[in-house]
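Asks: Sharing a structure below in structure tokens format, with a few things to ask.
The values are calculated or read from the model by the stated rules, or taken from the named source; none is laboratory data. Note that this is a predicted model, so its numbers are computed, not measured. Positions of Cβ are generated from backbone atoms using ideal geometry, with glycine treated the same way; all protein chains shown enter the neighbour counts.
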Amino acid sequence: MCDPENINGIAALKPDYMGFIFYPESKRYMGEKTQIPIMDPSIKKVGVFVNAAINDVLDNACAYGLDTIQLHGTEDWEYCRIIRSNKLEVIKTVAIQDHLPVNNLISYTGSIDYFLFDTQTPYYGGSGQTFDWKLLRAYDLDIPFFISGGLGIEQVTGLKECSNPQFKGVDANSRLETAPGIKDIERTNQFIKAIRNETI
């Protein structure tokens, strides 16, 4: 999200989280001049970072009143632990291609709040493509997770068939956009209601 008017429109739908990208190389980079409007405090403001200096993450969290930090780079468990020790919720993204690297994830226990499983690309997120959710059957850690990657209305039925008890939510982006960083409000409303089993 990077446009104040669009942010307000989506905030009116009461999503659980709303993301703001602080990675300058992203086409959805919010920029230093973007102002985040005052929103319902029940909506968690998520700052998305890629291999940023810890002090930069913490400074932006303070400046923008972020509640959650989503890490899309190669940040290790110790990096995550430091961010989390500053009373910030931490989501660590894991890129998935043809297998689930469970053994590599154990080290994050106690250092993060959630994993975000996304489709592997040559870049950091934003593929608009799904991965094989059947791979998540092998996930047996105590850390809950979100699913991301090419999610829209068409994927809701399949998402609801994912029965892993640690599956707690979804991260939808490109399929709900009219342009990078700009959400289609009606499409987003339909997606949220479908995920929540509300009448569309």
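Asks: Inspect the stretch 97-105 for any residue being touching a strand residue (DSSP E or B) at 6+ places or on another chain (Cβ under 7 Å), under 20 Å from Val46 (Cβ atoms) and assigned to a helix (DSSP H, G or I) and give the result as yes or no.
Replies: no
Asks: Follow-up. In the stretch 70-79, what residues are surrounded by fewer than 16 Cβ atoms within 10 Å (Cβ to Cβ) and polar (S, T, N, Q)?
Replies: Correct list: Thr74 only.
Asks: Quick check, is Thr199 of a type outside the set (Gly, Ala, Ser), modelled with pLDDT under 95 and within 21 Å of Val46 (Cβ to Cβ)?
Replies: Answer is no for this residue.
Asks: Within the stretch 61-69, does at least one residue satisfy the condition of being assigned to a loop (DSSP other than H, G, I, E, B), crowded, with 17+ Cβ neighbours inside 10 Å, modelled with pLDDT of 95 or more and among the aliphatic types (A, V, I, L, M)?
Replies: yes
Asks: So is Thr109 of a type in the set (S, T, N, Q), at negative phi, crowded, with 16+ Cβ neighbours inside 10 Å and modelled with pLDDT of 95 or more or not?
Replies: no
Asks: When the residues of the stretch 164-200 are narrowed to those that are under 21 Å from Asp132 (Cα atoms) and of a type in the set (Lys, Arg), which ends up nearest to the chain's Cα centre (by Cα)?
Replies: Looking at residues that are under 21 Å from Asp132 (Cα atoms) and of a type in the set (Lys, Arg), I get Lys168.
Yes/no per residue for (1) in contact (Cβ under 8 Å) with a residue 60 or more places away in the chain; (2) in a loop (DSSP other than H, G, I, E, B); (3) surrounded by 12 or more Cβ atoms within 10 Å (Cβ to Cβ):
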site	(1), (2), (3)
Asn6	yes, no, yes
Pro15	yes, yes, yes
Phe20	no, no, yes
Thr34	no, yes, yes
Ile38	no, yes, no
Ser42	no, yes, no
Val46	no, no, yes
Ala52	no, yes, yes
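Asks: Restricting to the stretch 151-175, what's the tally of residues that are charged (D, E, K, R) and either without any contact (Cβ under 8 Å) to a residue 40 or more places away in the chain or in a loop (DSSP other than H, G, I, E, B) (or both)?
Replies: Count: 3.
Asks: Would you mind stating whether Ile82 is in contact with a helix residue (DSSP H, G or I) (Cβ under 7 Å, 6 or more places away or on another chain), in a loop (DSSP other than H, G, I, E, B) and surrounded by fewer than 20 Cβ atoms within 10 Å (Cβ to Cβ)?
Replies: no
Asks: Conditions first: (1) within 18 Å of the chain's Cα centre (by Cα); (2) free of Cβ contacts under 8 Å to residues at least 24 places away in the same chain. Cys62 passes all but one, so which condition is the exception?
Replies: Condition not satisfied by Cys62: (1).
Asks: Report, by residue number, each residue of the stretch 85-106 that is within 14 Å of the chain's Cα centre (by Cα) and either loosely packed, with under 12 Cβ neighbours inside 10 Å or of a type in the set (Lys, Arg) (or both).
Replies: The one that is within 14 Å of the chain's Cα centre (by Cα) and either loosely packed, with under 12 Cβ neighbours inside 10 Å or of a type in the set (Lys, Arg) (or both): Lys92.
Asks: State which residue is farthest from Val46 (Cα to Cα) when the search covers only the stretch 133-177 and only residues that are among the polar types (S, T, N, Q) and surrounded by 19 or more Cβ atoms within 10 Å (Cβ to Cβ).
Replies: Gln155
Asks: I need the full set of residues from the stretch 120-176 which are hydroxyl-bearing (Ser, Thr, Tyr) and either closer than 27 Å to Ser26 by Cα or at pLDDT 90 or above (or both), in order please.
Replies: Listed by number, the residues that qualify are Thr121, Tyr123, Tyr124, Ser127, Thr130, Tyr139, Ser148, Thr157, Ser174.
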